Amino acid sequence: MPFKEDVMRLFIIIIIFISLASTAWAEGTAYEDTLSGKKCSEHHQQLNCQYKVGKDLEFSIDGIGMPDTAITFTRTKGLQGDYYASFGLMHGCIIIKHGEKSKLFFKDFAFVSPKNGKVYQTWQQCQAGY
């Protein structure tokens, strides 16, 4: 019987390790996660980008750099999600933020420019549109 108990303990330890490791992998910086979830395409000479950040935030920018550029939020859980977004009127960029359950809540941000679709680490870089 001790063998069965040892195997069961090992199994439980492995399950705990996997769940902790997957939680750690899921939460990079806002910049890294936004950049890795960015996919762009051109259609009729118009640049469109979709962004999937974490598991809870999705948005798109259509007609990037055009006078009628549109930003559409297609998935968000707000503060309760792993990520959420807002728009900064002063600098004109989409602000990507960690949700309230994240250890990086209110400490780490990314910025996306509707002028060029690029992801930046600071609002100053985003506003300048490097």
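Would you say Glu27 is at pLDDT 95 or above, closer than 27 Å to Trp123 by Cβ, surrounded by 11 or more Cβ atoms within 10 Å (Cβ to Cβ) and acidic (Asp, Glu)?
In short, no.
Pairs please, first residue from segment 104-130 and in contact (Cβ under 8 Å) with a residue 12 or more places away in the chain, second anywhere and of a type in the set (Asp, Glu), Cβ atoms under 8 Å, 6+ apart in sequence or on different chains.
Within 8 Å, the pairs are Leu104/Glu27; Ala110/Asp33.
The values are calculated or read from the model by the stated rules, or taken from the named source; none is laboratory data. Just so it is clear, the model here is predicted, and its values are computed rather than measured. Don't worry about glycine lacking a Cβ; one is built from the backbone with ideal geometry, like all the others, and counts go over all protein chains shown.
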